[in-house]
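Trainee: The structure follows.
Coordinate-derived values only; no laboratory data. It should be emphasised that the depicted structure is a prediction, and the values quoted were computed from it without experimental measurement. Because the Cβ atoms are built from the backbone with ideal geometry, glycine has one as well, and the counts that use them run over all protein chains shown.
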Amino acid sequence: MSSPDTSNHLFYLAARFVNQTNRHLFLTGKAGTGKTTFLRYIREHSNKRMAIIAPTGVAAINAGGVTMHSFFQLPFGAFIPSPLAGWNSNQQFNNATTLLKNLKLSKDKKELMRELELLIIDEVSMLRADLLDEIDLILRHVRRKPDQSFGGVQLLYIGDLFQLPPVVSNDEWEILREHYKSPFFFDAHVLHQHPPVYLELKKIYRQHEADFIEILNNIRNNSVSSQDLDRLHQHYQPGYQQDPRENYIILTTHNAKADTINQQQLNKLTGDVHEFQGEITKDFNEKALPAERMLQLKEGAQIMFIKNDKGESRRYYNGKIAVISRIANDKIYVNFPGEPYEMELEKETWKNIRYQYNREEDNIEEEELGSYTQFPIRLAWAITIHKSQGLTFEKAIIDAGSSFAPGQVYVALSRLTSLEGLILFSRIQPHCIQTDTRTMEFIRQELPEEVLNKLLEEEQKLFIAKSLVKSFDFTKMSEAFKDHYDEYPNRQLADMNGAVAWAQGVTRTVLQHQDMAGRFMRQLEQLLPMAEQDNFQFLRQRIAAASEYFLQPLDQLIQSIRNHAEEVRIKQRIKKYVREVNELALLPERKKQELQQAIHIAAGLVQGRSAGELLQEVEELQKAHREKAAEAEPVVKEDKRSSKPAKGETNRITLKLFREGKTIPEIASVRNLANGTIESHLTSFIATGEIAVTQLVEPDKIKGIMQVLESAPGESFSATAIREQLGDSYSYGEIRAVVQHREWLSKSKEKV
């Protein structure tokens with residue numbers, strides 16, 4: 001499935017639950033139904049500030065996110081949702097007290113979590129229940145919303161519970177079982193209290209044979225019949241000796257066996273071994289490498305791709321089998337079975353990222369910490385069932401013996417596109433395909449599509465109501481202004497008293513707005529349940545009036561911030577402070593957008609437009625705002641990590657003040673600099689023609705300095721030597737200005 005299928009109604013229903021509601025969602029589906037495509041779609045088509053996490057390093061890299069441990073800095077050991085007591089103190093367990101006591105989050109990480117709107121957990125089948133409760137506790141604590149699940153963040157769980165389960169040691173489960181019904185994520189306490197909408201993608205893109213699809217469904221539903229097993233066992237061929245040209249891959253249960261098979265088959269090939277070293281740049285966990293660090297290949301080796309082709313032609317997909325046709329000049333060429341052409345391999349780069357909140361664009365961004373570059377292939381005569389999750393094969397030999405673990409039969413069989421490509425080395429025993437009864441109980445929460453559509457409409461209305469109330473929430477802005485004001489003791493400013501007085505004034509104003517807005521929010525919460533009785537007319541009037549009440553003061557606040565930034569930017573060593581002040585202006589700007597959005601929504605409700613239609617318009621408006629913000633000039637052009645002014649900018653500030661009519665002593669006083677420094681700034685503009693020498697030096701002095709310079713043509717004079725001849729009435733600044741003027745005249749003549 002290379003792009004979303006417009007006929008897949010459940011796919012887009014799930015997308016609307018994510019983008020147009022606050023409801024938690026569990027997005028599942030059989031193998032090959034497009035869960036990975038859905039993740040990519042949300043990543044590209046959601047306006048919400050999001051982060052993607054996964055239980056393991058490899059899963060996180062493949063999902064384009066980070067591990068949940070790194071994002072939340074989770075400690076090692078299990079989590080107990082009650083006080084620690086009654087067991088061996090040597091065991092590594094945490095509870096709410098110890099978790100929060102030892103939680104060391106940076107200011108930036110806390111800000112990131114507070115700005116988060118959507119958290120996506122991929123491969124959720126591997127997530128343990130206790131770890132989900134840890135995540136819930138941390139978000140409630142950091143976001144200061146102890147009564148809301150995950151502190152108000154929307155959760156999107158993606159995964160297939162019929163695949164491999166979470167890993168928990170016997171020792172850990174002996175303790176955890178006293179607090180959890182199962183280790184599965186759906187038995188977390190937070191999920192019992194706040195269950196997600198269960199939505200399963202139905203359309204299968206991997207298999208097309210009706211009887212094969214039916215067998216896979218029966219395995220999932222614990223309803224496998226003897227006829228189903230008989231049908232599978234028609235492909236039972238113990239000890240099958242394949243022709244290398246058939247391009248089968250063996251699925252086995254253990255890494256050691258898969259590695260042995262691959263090495264044995266590689267050794268059988270004649271020719272030289274070619275080694276290709278993967279390249280790690282900066283920070284990338286070697287334990288989470290998606291492709292081997294050292295690829296050993298020969299011509300004729302059977303390989304498979306471990307990543308989808310990102311090009312337009314989509315020549316390969318994750319799991320597609322190919323054969324190395326030739327290796328020359330460090331280049332690898334492959335042939336695909338049944339396809340006539342040869343293709344040169346290109347290396348892929350996987351990124352290790354860190355999320356960070358961008359205040360200027362009001363968005364969560366990915367900062368690349370490191371990368372790993374290697375050919376996106378691996379030897380493919382054999383692979384473990386565990387590592388085959390998410391892959392697609394046309395031909396496979398399943399070699400599991402009697403060691404099938406729960407979920408492995410389904411994972412192994414569902415990798416295939418058809419029964420025709422299946423060979424079994426061992427029979428499948430009925431006890432190996434029993435789905436965990438706790439999983440079966442959870443999936444019974446699935447609702448019919450028509451019920452999901454009605455639920456979506458209800459959740460959309462709730463989302464609109466919450467967004468209207470949130471439009472008048474000044475808390476974030478008031479906290480930012482208070483934090484800014486509280487930082488003055490740690491700053492070093494030339495006019496500290498003036499800056500503090502300004503900050504005190506605007507902070508007081510914002511707090512007054514917050515108080516007034518808080519009263520209206522409470523009024524709005526009372527109005528909303530009854531708003532439909534008069535077709536939202538009164539609601540619209542109140543929102544319009546309240547918005548108009550705040551819009552003008554917000555404009556005044558923005559202007560005050562800009563004026564203050566303009567006043568202080570002429571000082572030296574002030575760039576960081578100016579940036580902080582300018583960032584404050586972004587908050588009332590965004591609050592204005594939210595108020596205008598509220599007016600738009602209220603008007604739409606009066607016009608009888610559906611919640612879904614209004615939310616679609618809001619998404620488009622938000623997208624336009626963000627695109628405009630991304631194209632706009634940054635608040636401060638220089639690198640935010642440095643407070644050093646951009647090259648030439650300090651001179652430009654002096655030039656601006658000079659053109660406004662200020663004298664050199666006045667500029668020096670305003671900028672807290674020496675007169676000579678200001679003279680030097682202005683002198684630099686003589687060479688560009690932006691300042692005439694007569695603006696800085698009296699005509700008689702210009703004549704005297706020029707006479708000294710012309711008294712010995714070709715000789716270099718220092719400012720000190722010239723001053724010795726002319727006397728102390730001539731300043732060094734005046735002398736340098738005339739020297740610059742003379743050089744400018746000389747260059748001008750050369751051009752002519």
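Trainee: Which lysines does Lys701 reach when only Cα atoms under 28 Å apart count, and residues fewer than 8 places away in its own chain are ignored?
Mentor: Here the lysines satisfying the reach criterion relative to Lys701 are Lys656, Lys662, Lys747, Lys749, Lys751.
Trainee: Over the alpha-carbon set of the range 338-447, work out the extent along each principal axis and list the three values in angstrom, largest first.
Mentor: Answer, in whole Å and largest first: 59, 48, 26 Å.
Trainee: List, in the order given, every pair from Lys476/Lys576; Lys30/Lys461; Lys470/Lys576 whose Cα-Cα distance in the structure shown is over 24 Å.
Mentor: Cα-Cα > 24 Å for Lys30/Lys461; Lys470/Lys576; rest within.
Trainee: Among DSSP beta bridges whose residues both lie in the chain, state the antiparallel percentage, nearest 5.
Mentor: Around 50 percent antiparallel, to the nearest 5.
Trainee: Taking 8 Å as the Cα distance limit and 6 or more residues as the minimum spacing, I'd like the relative contact order of the range 649-751 as a percentage.
Mentor: After rounding, I find 27 percent.
Trainee: If the reach is capped at under 16 angstrom between alpha carbons, list the lysines near Lys282, excluding any in the same chain fewer than eight residues apart.
Mentor: Candidates past the 8-residue exclusion: Lys351.
Trainee: What Kirkwood hydrodynamic radius do you get for the range 649-751 when you take the inverse of the mean 1/r over all pairs of distinct Cα atoms, in Å?
Mentor: 14.3 Å is the Kirkwood radius here.
Trainee: Next question, about the same structure. With the Cα gyration tensor of the chain in hand, convert its eigenvalues to equivalent ellipsoid semi-axes via √(5λ) and list them largest first in whole Å.
Mentor: In descending order, the three semi-axes are 61, 38, 24 Å.
Trainee: Mind pulling up the Rg/Rh value for the range 524-583? Radius of gyration and Kirkwood radius, both on Cα.
Mentor: Computed over Cα atoms, the ratio is 1.36.
Trainee: Follow-up. Label-point separation (nm) for Lys347 and Asn675, each offset 7 Å from Cα along Cα-to-Cβ?
Mentor: Placing both labels 7 Å along Cα→Cβ, they lie 6.2 nm apart.
Trainee: So how strong a dipole does the range 649-751 carry about its Cα centre when Lys and Arg Cβ are +1 and Asp and Glu Cβ are -1, to the nearest 20 debye?
Mentor: Result for the range 649-751 is approximately 320 debye, rounded to the nearest 20.
Trainee: Normalising by the residue count of the chain, find the relative contact order in percent from Cα pairs under 8 Å and 6+ residues apart.
Mentor: For the chain, the relative contact order is 11 percent.
Trainee: Here is a further query. Report, to the nearest 10°, how far helix 475-486 tilts away from the longest principal axis of the Cα atoms in the chain, using its own Cα long axis and a range of 0 to 90°.
Mentor: It is inclined by approximately 50 degrees.
Trainee: Still on this structure: Among His274, Tyr372, Ser426, which residue has its Cα positioned farthest towards the positive end of the charge dipole of the range 210-433, with +1 placed on the Cβ of Lys and Arg, -1 on the Cβ of Asp and Glu, and the dipole taken about the Cα centre?
Mentor: Highest projection toward the positive end goes to Ser426.
Trainee: Turning to a different aspect of this structure: When the helix-only estimate is applied to the chain (DSSP H runs of n ≥ 4, each -39,500 (n - 2.57), divided by the residue count), what is the mean residue ellipticity at 222 nm, nearest 500 deg cm²/dmol?
Mentor: Value at 222 nm, helices only: -14500 deg cm²/dmol.
Trainee: If you fit an axis through the alpha-carbon atoms of helix 649-659 and take the longest principal axis of the Cα set of the chain, what angle between them do you get, 0 to 90°, nearest 10?
Mentor: Roughly 40 degrees, rounded to the nearest 10.
Trainee: Amide H of Asn94 versus every other amide H placed in the peptide plane: which residues, excluding those fewer than 5 positions away on the same chain, fall under 5 Å?
Mentor: The answer is Ala78, Phe79, Ile80.
Trainee: Compute the normalised compactness of the range 276-331: alpha-carbon radius of gyration over 2.2 N^0.38 Å, N being the residue count.
Mentor: Taking the Cα Rg and dividing by 2.2 N^0.38 Å, one obtains 1.30.
Trainee: Tell me, how many Å apart are the Cα centres for the range 415-483 and for the range 487-539?
Mentor: For the range 415-483 versus the range 487-539, the Cα centre distance is 36 Å.
Trainee: In addition: What per residue convex hull volume, in Å³, comes out for the range 385-471 when only alpha-carbon positions are used?
Mentor: Enclosed volume per residue, from the Cα hull, is 177 Å³.
Trainee: Counting residues in the range 247-354 as N, plug N into 2.2 N^0.38 Å and put the Cα Rg over that result.
Mentor: That works out to 1.14 for the range 247-354.
Trainee: Taking N as the number of residues in the range 210-433, what value does Rg over Cα atoms divided by 2.2 N^0.38 Å take?
Mentor: Scaled against compact globular proteins, the figure is 1.15.
Trainee: Please list log₁₀ I(q)/I(0) at q = 0.08 Å⁻¹ for the range 9-205, using the Debye equation with identical point scatterers on the alpha-carbon positions.
Mentor: Those come out to -0.26, one per q.
Trainee: With a point put 7 Å past each Cα toward its Cβ, work out how far Glu420 is from Ala501 in nm, to one decimal.
Mentor: According to this spin-label approximation, the distance is 8.6 nm.
Trainee: To the nearest Å, what is the center-to-center distance of the range 347-394 and the range 207-273, using C-alpha atoms only?
Mentor: Using only Cα atoms, the two centres lie 27 Å from each other.
Trainee: Once you keep just the Cα pairs under 8 angstrom separated by 6 or more residues, what percentage relative contact order results for the range 332-377?
Mentor: Relative CO of the range 332-377 lands at 34 percent.
Trainee: Moving on to the next point. If the reach is capped at under 24 angstrom between alpha carbons, list the lysines near Lys257, excluding any in the same chain fewer than eight residues apart.
Mentor: Candidates past the 8-residue exclusion: Lys268, Lys287, Lys298, Lys307, Lys320, Lys387, Lys395.
Trainee: If all Cα-Cα distances of the range 462-631 are sorted into 10 Å bins from 0 onward, what percent lands in each bin, rounded to whole numbers?
Mentor: 9, 34, 29, 18, 8, 2, 0
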